[in-house]
1. Please return the ranges of strands (runs of 3 or more DSSP E) entirely within segment 205-309 where 3 or more residues are free of Cβ contacts under 8 Å to residues at least 40 places away in the same chain and not polar (S, T, N, Q).
2. For segment 131-146, which positions are part of a strand (DSSP E or B) and either among the aromatic types (Phe, Trp, Tyr) or over 17 Å from the mean Cα position of the chain (by Cα) (or both)?
3. I'm trying to understand the selection: among the residues of segment 95-116, which are in contact (Cβ under 8 Å) with a residue 24 or more places away in the chain, outside any helix (DSSP H, G or I) and aliphatic (A, V, I, L, M)?
4. Evaluate the following for Ala101: is it farther than 15 Å from Met32 by Cβ, modelled with pLDDT of 95 or more, crowded, with 19+ Cβ neighbours inside 10 Å and out of contact with any strand residue (DSSP E or B) (no Cβ under 7 Å at 6 or more places or on another chain)?
5. Tell me, yes or no, whether segment 119-139 has at least one residue that is small (Gly, Ala, Ser), closer than 19 Å to Thr26 by Cα, touching a residue at least 12 places away in the same chain (Cβ under 8 Å) and surrounded by fewer than 22 Cβ atoms within 10 Å (Cβ to Cβ).
6. Go through (1) on the phi > 0 side of the Ramachandran plot; (2) outside any strand (DSSP E or B) one by one and return the number of the condition Asn153 breaks.
7. Return yes or no: is Glu267 acidic (Asp, Glu) and within 20 Å of the chain's Cα centre (by Cα)?
8. Failed condition for Tyr73, given (1) within 30 Å of Glu214 (Cβ to Cβ); (2) under 15 Å from the mean Cα position of the chain (by Cα); (3) touching a residue at least 40 places away in the same chain (Cβ under 8 Å), with all others met?
Amino acid sequence: MSRILEGDQWLAAAVETNYGEDASPTAAANAMRVKANFDIDVQAEEMNYDAGKPGAKGQLEKYRVVQGSLEGYLAPSGTATVPPALVPLLRGAGFNVNVGASSVDLSLVDPMASASVTGKFYRGLNRRDLLGMRSDWEIGIKKGGLATLKFPNARALYSAQAGEAALLAPDFSAYKQPYIPDPVNFTVQNVFGYAANIAEVMIKGNNEVVYSPENGVVMIVDRKVTFDITFEEPNVATRDFESELFTYGALALQLGEDVTDEGKIFEVAAPNAQLVGISRTFINKVSYLQAKFECIGVARNDELTAKFR
């Protein structure tokens, strides 16, 4: 018997030209350096009628989809104008990716205009095709840890598993090492104009990803971009963030030093964020604020921008 080992799992992914049509990602060109977890979600309805006897009446399946999550790392390509290899997943999570003269720029698109992705999820000799896949996204930045790029709440059209004749060998050579933020390379930590000493940031798209049985497609129907920032609490004479609850300001973060780290720099900014919550914690017996921000669009799809350069 051929066993299915966790170590033999991997995912390939590519952006679809037409929704739900196989983009045919390959092990050589489209391997995704992520930890993937997928399973089927079957929706059924129990029948209820007068049968003249007690007991169950049976169930009928209404539809099934594939759902799961992908966990990877925030990492540059090493070249300012070359997109990172996880770009297909970013596009399937509602980002537009544009290669400019000196950077790779990320911007949000209308939720319903998000690209769709074909995934090939390999588990040993088993393969499941994940057509029409879309997902949520999360960016995690923590000093002293590996920066993360995750795609929770991923959903795809159902397809039955198929068999492979032999194990394939995915090529991960396009991937560089993840960012490891520290006090030197975390060069911009701007919270409402204040130069904060940030310990940790979690940025979430909070995409609402649903399967529409009416249309037979997976859709992103809404989002709410948030920042959760843990930073060292200043003395109130320096800055009183409690007094700024429910006010608006800009957030700006940068990993990597200008010029020195060209090709390895990541920036993310929210021009109009509202501070909606504050609590406190201690890290190494020093007081830190845990601040929650919601990003409010001024125009359409401008809650957040990011770039690799």
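1. 266-283
2. Within segment 131-146, Leu131 is the sole residue that qualifies.
3. Passing the criteria: Val104, Leu106, Leu108, Val109, Ala115.
4. So Ala101 does not fit the description; no.
5. Yes, there is a match, as at least one residue in segment 119-139 is small (Gly, Ala, Ser), closer than 19 Å to Thr26 by Cα, touching a residue at least 12 places away in the same chain (Cβ under 8 Å) and surrounded by fewer than 22 Cβ atoms within 10 Å (Cβ to Cβ).
6. (2)
7. Taking the combined requirement at face value, the residue satisfies it.
8. (1)
The values are calculated or read from the model by the stated rules, or taken from the named source; none is laboratory data. This one's a predicted model, so the numbers in the text were calculated from it and none came from an experiment. Note that each Cβ is placed from the backbone with ideal geometry, even for glycine, and that neighbours are counted across all protein chains shown.
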